[in-house]
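Below is one structure, written out as structure tokens; the observations come after it.
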Amino acid sequence: MTAWLATNLIALVLLPPLSLVILLAAGLIVHHRRPRLAMSLILLSTAALYTLSTPWVGGLLQKTLEISRPVTPNDLKTADAIVVLGGGRRVASAEYGSDTLNGISLERLRYAAFLHRASGLPILVTGGKPGGGTLSEGRIMQHILQSEYGTSPRWIEEAALTTWDNARLSAPLLQKTGIRRIVLVTHAWHLRRAVPLFEAQGLSVIPAGIQFSSTRIDSLPDVLPTPAGLRDSTFALHEWLGILWYKLRSIFA
């Protein structure tokens with residue numbers, strides 16, 4: 001848990017919006033001694049905030065992470081199981097009276113249930129308790145599949161704190177029962193990082209992404225800053241940072 005917290009704190013510092021706040025604060029601090037440097041930092045942080053907050057740039061950044069097209073019925077015929085990755089929880093949700101899934105995890109779980117109905121393939125859910133809480137992502141996904149979709153996962157992995165853990169801890173559960181080829185359900189912008197981790201565990205992977213991004217400019221709001229635009233850019237930059245971290249770790253391991 002300590003390592004998970006440390007890596008997440010580092011990511012917060014390196015990613016927007018906190019990284020841009022730090023740039024802006026640095027500019028304000030050195031304003032009297034280095035006015036030209038200060039102005040450069042302030043302009044840089046302002047321009048970066050505007051650019052990264054536009055839905056168009058958010059879409060462009062997420063598009064760089066997409067490695068596949070939407071999965072087809074023919075793809076499902078060649079698979080042995082569906083694996084759905086947890087994407088976060090809401091701890092101690094007031095309206096439910098317990099931990100529950102956040103929107104990202106629910107979107108993935110809904111698509112996994114859709115693919116299960118279309119194919120009959122068994123489901124593995126994976127996700128632990130990053131950040132504490134009572135129920136793991138895997139256990140919450142099991143409850144939702146049972147109560148809201150009328151099905152049950154065959155395997156439940158509930159110790160993973162990272163995507164690397166998802167792959168490392170899920171693979172033995174699958175391989176023990178002869179599963180070799182999986183449909184991997186997660187967001188399209190997450191697949192570039194997730195797929196190689198599962199392949200490294202000896203599994204053949206069919207990427208099954210959701211929410212493929214758009215790079216079109218259809219209207220003026222696409223080039224105006226919005227909270228959703230900044231969110232999308234941050235997700236994309238977080239993924240590229242994670243990919244770089246995994247590569248560095250593999251080199252120095």
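The values are calculated or read from the model by the stated rules, or taken from the named source; none is laboratory data. Because the structure is a prediction, the values reported are computed rather than measured. As a convention, Cβ positions derive from the backbone with ideal geometry for all residues, glycine included, and neighbour counts pool all protein chains shown. Ligands, DNA and RNA are excluded from the accessible area calculation, which covers all protein heavy atoms including side chains. Shrake-Rupley method; radii C 1.70, N 1.55, O 1.52, S 1.80 Å.
Numerical summary
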item	result
Test: residue in the range 196-205 that is modelled with pLDDT under 95, among the aliphatic types (A, V, I, L, M) and not in a helix (DSSP H, G or I)	no
Matching residues, the range 21-35, being under 19 Å from LEU52 (Cα atoms) and free of Cβ contacts under 8 Å to residues at least 12 places away in the same chain	ILE22, ALA25
Matching residues, the range 201-229, being more than 19 Å from TYR111 (Cα to Cα), in contact with a helix residue (DSSP H, G or I) (Cβ under 8 Å, 6 or more places away or on another chain) and among the small types (Gly, Ala, Ser)	GLY202, SER214, ALA228, GLY229
Subset of the range 1-26 (residues that are touching a Leu at 6+ places or on another chain (Cβ under 8 Å) and either part of a helix (DSSP H, G or I) or open to solvent by less than 60 Å² (accessible area, probe 1.4 Å) (or both))	TRP4, ALA11, LEU12, LEU14, LEU15, PRO16, LEU18, LEU20, LEU23, LEU24, ALA26
The range 222-253: number of residues that are open to solvent by 50 Å² or more (accessible area, probe 1.4 Å), at pLDDT below 95 and not hydrophobic (A, V, I, L, M, F, W, C)	3
Within the range 84-193, helices (runs of 4 or more DSSP H) holding 1 or more residues that are at pLDDT 95 or above, β-branched (Val, Ile, Thr) and in contact with a Pro (Cβ under 8 Å, 6 or more places away or on another chain)	none
Residue in the range 211-218 that is of a type in the set (Gly, Ala, Ser), touching a residue at least 40 places away in the same chain (Cβ under 8 Å), open to solvent by 50 Å² or more (accessible area, probe 1.4 Å) and in a loop (DSSP other than H, G, I, E, B) present	yes
Of all residues making up the range 51-69, the number that are polar (S, T, N, Q), in a helix (DSSP H, G or I) and more than 18 Å from the chain's Cα centre (by Cα)	1
Condition met for ALA48 (outside any loop (DSSP other than H, G, I, E, B), touching an Asp or Glu at 6+ places or on another chain (Cβ under 9 Å) and under 29 Å from PRO16 (Cα atoms))	no
Members of the range 197-206 that are open to solvent by 30 Å² or more (accessible area, probe 1.4 Å) and in contact with a strand residue (DSSP E or B) (Cβ under 7 Å, 6 or more places away or on another chain)	GLU199, SER204
Residues being of a type in the set (Val, Ile, Thr) and touching a His at 6+ places or on another chain (Cβ under 8 Å) - total across the range 68-112	2
